[in-house]
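Student: Mind looking over this structure? Questions follow.
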There are 4 protein chains.
Amino acid sequence: LPGEDHLVTKVRLEAFSDGVIAIAITLLVLDIKVPDPREPGTLAHRVADHWPQFAAYGVSFATIGIIWINHHAMIRRLASVDHTIMVLNLLVLATIGLLPWSTSLMAAYVRSSSGEHLAAALYAGSFLAMGLAFYGLQRHILRAKRGLLEQPLPDAAIRSILRRGAAGLVPYALAAALAAVSPYATLALCGAIALFYALPSTTADEPG
Amino acid sequence: LPGEDHLVTKVRLEAFSDGVIAIAITLLVLDIKVPDPREPGTLAHRVADHWPQFAAYGVSFATIGIIWINHHAMIRRLASVDHTIMVLNLLVLATIGLLPWSTSLMAAYVRSSSGEHLAAALYAGSFLAMGLAFYGLQRHILRAKRGLLEQPLPDAAIRSILRRGAAGLVPYALAAALAAVSPYATLALCGAIALFYALPSTTADEPG
Amino acid sequence: LPGEDHLVTKVRLEAFSDGVIAIAITLLVLDIKVPDPREPGTLAHRVADHWPQFAAYGVSFATIGIIWINHHAMIRRLASVDHTIMVLNLLVLATIGLLPWSTSLMAAYVRSSSGEHLAAALYAGSFLAMGLAFYGLQRHILRAKRGLLEQPLPDAAIRSILRRGAAGLVPYALAAALAAVSPYATLALCGAIALFYALPSTTADEPG
Amino acid sequence: LPGEDHLVTKVRLEAFSDGVIAIAITLLVLDIKVPDPREPGTLAHRVADHWPQFAAYGVSFATIGIIWINHHAMIRRLASVDHTIMVLNLLVLATIGLLPWSTSLMAAYVRSSSGEHLAAALYAGSFLAMGLAFYGLQRHILRAKRGLLEQPLPDAAIRSILRRGAAGLVPYALAAALAAVSPYATLALCGAIALFYALPSTTADEPG
């Protein structure tokens, strides 16, 4: 029963991806430190002092959440998956897996007087890398593996999806470039991108 | 097959939410420190000395567990989900993802002579934030997205579910206010709320 | 469609439990420390010196793995689950969630000259607590909720399952008592119990 | 309905394995440290200085990803699973669960002047142990449990799958032996193996 086999494969690809994305999004909280009660200063000051950790948590959580929505929309179209799709999907997951690190880096350096530009560039750069890997998988599916789609998509629809996907990379490249000016600008732009995609009907793929 | 598509979407929303909630609930244990064998004092004293960590673990585990039961009951009613529901669900998950942090804060400060009131307020406040996000999603589903329900619900049932949901926020607001008096009172009240909902037939939604 | 509703509930209970158990079993590795390259001594000595961490990892991994097999066999019998089953299941998961802590405690203290007996008692005691919670859920399902079983079980089969479940608690009580004599004996007995249940046809429930 | 029971068992085995593998692969990122902003030196130097952590992350992520693809192909063939398969699968998962530790060890020691050979041997050795456990499960399924296969496989196909599986162990043994010469060679060979299996049509089992 090859049809059922393929379904099993797709279901496990989704389950494994959901697992990795869910873990990466939940590990973000480990970056938010609890101030040591024995240190001087009031707790209020010290929690407020941690605002970059909360801001980076919020922006990264929203960004990973939106990539999850897009991932779901991308895989949903497939009737089955093959080896290349699984490997390219692993590449997407590897870039998502790095985000707790780049988020932690951003939170630690945004207010530093040294390294703050590089940290912000790596932060936006890690989102860009995730977007590139996602776009590569999307393109591979819609161009090379159209035979695996559950329903045939007209050329115009494919071009439109890929165009929107490519356009979605531009703001992250801009955010990485802005790091040279101000890490706060990078953080704010990444947050604005996430908010934009959270609004109804603006995800790269129409959700289900 | 739009019907099947919607089912896939709902199944992945549940799987992703289950993943995030399961990880958040299991990360709680990382807060319970193992005393260093090289430090002075008997292990019995030092483990007993960690009681706030165990108490906070128990209260937070029970609270997250109950929100999981309620989440399951809420999503179960839906025949399909749309973009807004996915985004609001991410907001619920983001508040759940913060709980290991607020639990750790509570455990570290409950016996401190400074910051203990704020820590307790943030602890109950994080439960309140989770409850508010949950109520917002519940309200959105039952008011704006009634067409997505698997079976139509009469107005009276919707009003009753939402009234119980809103009523469930009051004890957490009270627990946050009690933090000004005593962090122990906050912890005890949060524990009592969890126990109350663990009793049969008192969850916001009737379970399946 | 109440039948389908119940199926959804059971599927999510399994998915959530699988998630918590999978996370707890994988967090165990965080206890195995990597020696600092700047410290004196050869790596071989220091890795060998970590044998209690490896031993505790192995014993706890096997024990959690077997409780997962038993959990699966227990839930598989149910046609649907209700609120009380979900709450009792959360209690089982809370005891499983504590195991990374008790494993870490055991690994840190087994060779210590102080606290080693208590650590071993808490280690075996945490397995015993997990077993008790599991037995309580098993008993509740087979006694109070026989109507939820997929297929009716004869009284003799129920008595036999519960008898085997209760008998399975005895070795852990013994392992906890042995802690007063030697923490090594506790560790060895817990390992032997796991090995025994890993052999074919000795789990509390017959697997599928 | 024994057929459905078996299906449930297989689905939960897959879900649990997906969970453990997804967590192990995502925990790898915890090894990549964020440099302390208060330490001397530029961030660029210090991030570059962390290249072994990134290299080990990449190699281990790819290796775990490929074992996941192979695991999926192996279990997909089964119509149902029994107790021995579940226990042998736990053994595979226990070896996967150790990989964050051996990856961290490799990253910490690859440039050290002491312990670097042992660390590299343990790194390749942990992949070899995972491969051996996987091969043992594969062999048990295809030899002893042919009756559980969804479709009968001819002897020639079974011999071919097992021969390829055994052949896949050789490079890891070689990588472990190379550790005596150079830990960099071990890391490079492990990376090359992962790349080789990521290419289309070279996994031990044909993917779906």
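The values are calculated or read from the model by the stated rules, or taken from the named source; none is laboratory data. This one's a predicted model, so the numbers in the text were calculated from it and none came from an experiment. Counting neighbours? That spans all protein chains shown, and the Cβs are built from the backbone with ideal geometry, glycine included. The protein model used for the area step is the full one, side chains on, heavy atoms only, and it has no ligands, DNA or RNA in it. Shrake-Rupley method; radii C 1.70, N 1.55, O 1.52, S 1.80 Å.
Student: Sort C:35-43, C:169-177, A:96-104 for me by packing, meaning the mean count of neighbouring Cβ atoms within 10 Å per residue, highest on top.
Tutor: The most tightly packed comes first, giving A:96-104, C:169-177, C:35-43.
Student: What's the angle, to the nearest 10 degrees (0 to 90), between helix C:83-97's Cα axis and the longest principal axis of chain C?
Tutor: 10
Student: Taking 8 Å as the Cα distance limit and 6 or more residues as the minimum spacing, I'd like the relative contact order of chain A as a percentage.
Tutor: Rounded, it is 26 percent for chain A.
Student: Working from the alpha-carbon coordinates of segment D:91-208, get Rg over Rh, Rh being the Kirkwood radius.
Tutor: On the Cα set of segment D:91-208, Rg over Rh gives 1.05.
Student: If you don't mind, another one. In nm, what does the list of distances from residue B:36 to its counterparts in the other copies look like, shortest first, when each label sits 7 Å along Cα to Cβ?
Tutor: Going from nearest to farthest copy, the values are 1.0, 1.0, 1.4 nm.
Student: May I ask which residue of C:73, C:35, C:20 lies farthest towards the positive end of the charge dipole of segment C:10-76, with charges of +1 (Lys, Arg) and -1 (Asp, Glu) on Cβ and the Cα centre as origin?
Tutor: It is C:73.
Student: Report the residue, chosen from A:144, A:94, A:166, that carries the largest GNM mean-square fluctuation when chain A is represented by alpha-carbon nodes joined by springs under 10 Å.
Tutor: The residue with the greatest mean-square fluctuation here is A:144.
Student: With just the Cα atoms of the protein assembly as shown, tell me how far they stretch along each of the three principal axes, in Å, largest first.
Tutor: 63, 63, 60
Student: For chain D, compute Rg over Rh where Rg is the Cα radius of gyration and Rh is the Kirkwood radius from the inverse mean 1/r over Cα pairs.
Tutor: 1.04
Student: Could I ask something else about it? Once you average over the residues of C:111-119, how many Cβ atoms of partner chains fall within 10 Å of each Cβ?
Tutor: 4
Student: Just give the residues from segment A:19-33 buried by at least 20 square angstrom of accessible area in the all-chains context relative to the isolated chain, probe 1.4 Å, and say none if nothing qualifies.
Tutor: Residues meeting the cut-off: A:20, A:22, A:23, A:25, A:26, A:27, A:29, A:30, A:32.
Student: Also, I was wondering about something else. Which distances, in nm and shortest first, link the residue A:152 label point to the same label point in every other copy, taking 7 Å along Cα→Cβ?
Tutor: When each copy's label point is compared with this one, the spacings are 4.0, 4.0, 5.6 nm.
Student: Ignoring any ligand, DNA or RNA, what whole percent of the accessible area of the protein assembly as shown comes from carbon and sulfur when the probe is 1.4 angstrom?
Tutor: Heavy-atom surface of the protein assembly as shown belonging to carbon and sulfur, 1.4 Å probe: 68 percent.
Student: Per DSSP H run of n ≥ 4, the term is -39500 (n - 2.57); total these for chain B, divide by its residue number, and report the mean residue ellipticity at 222 nm rounded to 500 deg cm²/dmol.
Tutor: Taking each H run of at least 4 residues, the total per residue is -23500 deg cm²/dmol.
Student: Here's something else I'd like to know. Using a 10 angstrom cutoff on alpha carbons, build the Gaussian network for chain D and name the most mobile of D:65, D:19, D:191.
Tutor: Checking each option, the largest mean-square fluctuation is seen for D:19.
Student: A follow-up question, please. Give me Rg/Rg_expected for segment A:88-160, where Rg uses Cα atoms only and Rg_expected = 2.2 N^0.38 Å with N residues.
Tutor: In units of the 2.2 N^0.38 Å rule of thumb, it is 1.52.
Student: In vacuo Debye scattering of segment D:17-57, one point per C-alpha: log10 I(q)/I(0) at q = 0.16, 0.24, 0.30 Å⁻¹?
Tutor: Reported log10 I(q)/I(0), two decimals: -0.51, -0.80, -1.00.
Student: Using Cα atoms only, what is the angle between the long axis of helix C:155-167 and the major principal axis of chain C, expressed in degrees (0 to 90) to the nearest 10?
Tutor: That helix lies at roughly 10 degrees to the long axis.
Student: Under 5 Å between amide H atoms, partner at least 5 residues away or on a different chain: which partners does residue C:149 have, H built in plane at 1.01 Å?
Tutor: Hits under the 5 Å cutoff: C:79.
Student: Report, in degrees rounded to the nearest 10, the 0 to 90 angle that the Cα long axis of helix A:51-76 makes with the longest principal axis of chain A.
Tutor: Here the helix axis deviates by roughly 0 degrees.
Student: Which whole-number percentage describes the relative contact order of segment B:34-149, with Cα contacts under 8 Å and a sequence gap of 6 or more?
Tutor: Reported relative contact order: 32 percent.
Student: How many percent of all Cα-Cα pairs in segment A:26-131 sit more than 19 Å apart?
Tutor: 53
Student: State the extension gain, in nm to one decimal, for the chain segment bounded by residue C:196 and residue C:48, taking 0.36 nm per residue of separation less the distance between their alpha-carbons.
Tutor: Net length gain for the segment: 50.6 nm.
Student: Taking a cut-off of 11 Å, what percent of all Cα-Cα pairs in segment B:79-120 are separated by more than that?
Tutor: Cα-Cα pairs of segment B:79-120 separated by over 11 Å account for 68 percent.
Student: Also: Just counting partner chain Cβ atoms within 10 Å, what average do the residues of peptide A:61-70 show around their Cβ? Walk me through the numbers before you get to the answer.
Tutor: Values: counts 7, 4, 0, 1, 9, 3, 0, 7, 9, 0.
For peptide A:61-70, the averaged partner shielding equals 4.
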